[in-house]
Structure formats: C-alpha cells, structure tokens
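Trainee: My questions all concern the structure below.
The values are calculated or read from the model by the stated rules, or taken from the named source; none is laboratory data. This structure is a prediction, so every number in the text was calculated from the model and none was measured. Cβ atoms come from the backbone with ideal geometry, glycine included; neighbour counts cover every protein chain shown.
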Amino acid sequence: MKIEADWLTDPGPRAVLAALARGGHRALYVGGTVRNALLGLAPGDIDIATDARPERVMALAAAAGLRPVPTGVEHGTVTVVADHRGIEVTTFRRDVETDGRRAVVAFSDLIEHDAERRDFTMNALYATAEGEVIDPLGGLPDLLARRVRFVGDPGARIAEDYLRILRFFRFHAWYGDPTGGLDAEGLAACAGNLGGLSGLSRERVGAEMKKLLAAPDPAPAVAAMAQAGALARALPGADARALAPLVHLEAGEGLAPDPIRRLAVLGGEDAAGALRLSRAEARRLEALREAAGSAAGPAELGYRLGAEPALSAAVLRAAMTGAPVPPGARGDADRGASARFPVAAADLAPLSGAALGARLKDLEARWIASGFTLDRAQLLG
C-alpha cells in the first residue's frame, strides 16, 4: 500500500530523509503521520525513525546544511530544523527497563524492535520517502478496521507506561469504530491495571483527559472508561451520563468540541486539582458550572460572560437537566453580548457606597428584564 498525501513532497522532511539516506541509513516516516494519512486525516507533526544513532543524525544533518538540536539524545531523539520547521528524528530503539512511567532504552538497528515498543498496532506503521507503507507487526488491518489494539500483550504494554490506559480510551474516541466497541482484551487489561494510574503525575493525566474530551464524540469512550473504573481513578466523582446529550446538543447549536465544556458536564470532586488545569482553565470551568447552575437566560449570560460562554452554559444546562436549549439561544447570547448598560455611577450622584451599588444593581436587573430595551432616561425617570 502507498500513501498519497501532500506532505510527502514537503521539502523539510524530505531533506532530512535524504541526508540520512546519503549517509547509508534507513529513515522512515512513522506513527501518527502515517496513521493519519491512511485515514485521510491531517498529518499533525511529522516524525522520522532511523537506524542512525543520534550523534550520526546530528553530523549528517549539519553536513546537509540543516540545524540539529539535541532535544532528547538520551532517548534517541534529535530535532532537525529544516525549511524553518522542527522535525523529530528518533533512533530505532527497544525498552530495556520500565517502571510504569518512563523507560530506559537501548538503540537498535531493527525496525521490528522499534515497532514492538510502541503502544498500539495502528501507531506501529512506517512509510518510505515515496509513501510505501511498511507494517512490521500487521497493524494495517487494525487501522483500516479502526480497531485500537495494543501491540503484543496489553498488560505488558500498560505496565511499561500506565498512561496507556487513558491513551487506549483516547485513541478509541479519535480513531476507533464507534459501532464496533472497544477491544475486549485491551479493555480487560486496562481494568486490571488501574492501580498504576495513581503513580502518574496529574499533569500527564490532565493532558490526556483534555485530548480525549476534545474528540468529535468522546461519549462512547468515556462511558467505557466509567464502566472499567478508569474514569473514577482519573477524575473522582465524575459522572459520564450527561456527556452524550451534551455532544448531541453541541452539534445542534454549531458549537465546536471543547474539553473544558465537556469536563464541566462530567463534574467531579476537584477537576481543576485532579487534572492540574491551568488557572485560566480552572476559572473558565468554574464560570461555566456557575452559569449553567444559575437561572439566567442566554441573553443575560451573554451580557455577563460573552456570547460563546453564554451559549456553552445554555447547552451545558440543557444536557444536565434534560430540558431543551431555549429557542433562539445563540441569537439571544449574541444580543446580550453586544448590549451596554446605559447608566453609570455618576448618573446616581450623590449616592455612594453600598447604596450606590444596590441602586445600580436594581437598575441593571430592570434593564435586563426589559430585554435591554430601556434607555437611560427611562431607567432614571
């Protein structure tokens, strides 16, 4: 099988492949680049695997006029800057020792060793500079069937890095067949190794959960996570039941997938802490939850929060309560976002302090209740 993709003619990666080939080495596109091309998806980052050792990669790249950067030499990775972009080049390697979080590797000349250390068969695919697919482990049928399957023994792969439990569900959400269910052997291995998740950093867990929730429809994968016990481990107290309705309502209102909105519908005891969200993410999560739990309509929420957060809150509220999204919610949110309260504090002199604040709040409530139609004179008259 051959790949047909525009990135095969990209001068940057081709220059790196050519430099390694001139030095007598094998160099191949690998992983997500190949997987996505075969699925007709955007390539993302372009990665290269080679039998050349890191020092040799650096020497050949420099000799070709490219700029090598030793970003992870101990793990075999050199970033080569070519045509104004960084391309990761990693030496074929095999795991020597793992502790469930990181691995000690040894370099190898064999593509089979490199393929065997990867997580899923759909990620153990390679391609030549001409686009010819190389499949050392028979992962191509899995990819074409959209079947997410661990390389070799699932339990062994998970024990090498327990984050692969979450990656299993994330990859199913993005690349799996939603009608075919999850691989039973892989699912059982995930359920049997949940204790390993406690040893992972919250940053790694949070990053993986956000990638999962950014999928077009993560609901089936998250439901499987909940059934396996993985959701409770990653996000204690979370409830996945309202996620599928939220995804449906998002599509109806033309909202793009948003991991923070979806995290809001899952709930949880301390999502911001459990997933080590950034301050901005944590503030946005809290604002969405508060808005969804309020009685304010889309127009008022648009005035207070902006159009997109208001529509997000309306959709979130509908998913959690089972009520429909109010008709015209998007237009109301837009109208509220563009409204400007016509009264200023100076208009209420000589009031000050608490009395001034109370009066402004009362006038603002009347103005909102009027649908933003009352003008300054009507409010002050």
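Trainee: Counting only residues that are within 26 Å of the chain's Cα centre (by Cα) and under 19 Å from HIS84 (Cβ atoms), which one in the range 43-61 is surrounded by the most Cβ atoms within 10 Å (Cβ to Cβ)?
Mentor: In this case the residue turns out to be ILE48.
Trainee: I need the strands (runs of 3 or more DSSP E) fully contained in the range 1-97, keeping only those with at least 2 residues that are in contact with a Gly (Cβ under 7 Å, 6 or more places away or on another chain), within 22 Å of ASP135 (Cβ to Cβ) and in contact (Cβ under 8 Å) with a residue 24 or more places away in the chain.
Mentor: In the range 1-97, 85-91 are the strands (runs of 3 or more DSSP E) which contain 2 or more residues that are in contact with a Gly (Cβ under 7 Å, 6 or more places away or on another chain), within 22 Å of ASP135 (Cβ to Cβ) and in contact (Cβ under 8 Å) with a residue 24 or more places away in the chain.
Trainee: I've got another one for you. With a cut-off of at least 3 residues that are surrounded by fewer than 17 Cβ atoms within 10 Å (Cβ to Cβ), name the helices (runs of 4 or more DSSP H) lying wholly within the range 100-212.
Mentor: Hits in the range 100-212: 154-160, 184-192.
Trainee: What pairs come out if I take residues in the range 237-265 that are part of a helix (DSSP H, G or I) and pair them with residues that are among the basic types (Lys, Arg) whose C-beta lies under 6 Å away, six or more apart or interchain?
Mentor: Sorted first by the residue in the range 237-265, then by its partner, the pairs are PRO259/LYS210; ILE260/ARG284; ALA264/ARG289.
Trainee: Please specify each residue of the range 327-381 satisfying the condition of being in a helix (DSSP H, G or I), among the aliphatic types (A, V, I, L, M) and surrounded by fewer than 17 Cβ atoms within 10 Å (Cβ to Cβ).
Mentor: If the condition is that a residue be in a helix (DSSP H, G or I), among the aliphatic types (A, V, I, L, M) and surrounded by fewer than 17 Cβ atoms within 10 Å (Cβ to Cβ), then ALA345, ALA346, LEU348, ALA354, ALA355, LEU356, ALA358, ALA365, ALA369, ALA377, LEU380 are the ones that fit.
Trainee: Just need a number here: residues in the range 27-41 that are surrounded by fewer than 17 Cβ atoms within 10 Å (Cβ to Cβ) and touching a Ser or Thr at 6+ places or on another chain (Cβ under 9 Å).
Mentor: Looking only at that region, the number is 0.
Trainee: Further, regarding this structure: Which pairs do you get when a residue that is on the phi > 0 side of the Ramachandran plot, found in the range 274-292, comes within reach of a residue that is acidic (Asp, Glu), reach meaning Cβ atoms under 9 angstrom, with the pair 6+ apart or on two chains?
Mentor: Listed by first residue and then by second, the contacts come to ARG276/GLU203.
Per-residue answers, yes or no, for (1) modelled with pLDDT of 95 or more; (2) over 27 Å from LEU140 (Cα atoms):
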| residue | (1), (2) |
| --- | --- |
| TRP7 | no, no |
| LEU41 | no, no |
| GLY44 | no, no |
| ALA64 | yes, yes |
| THR71 | no, yes |
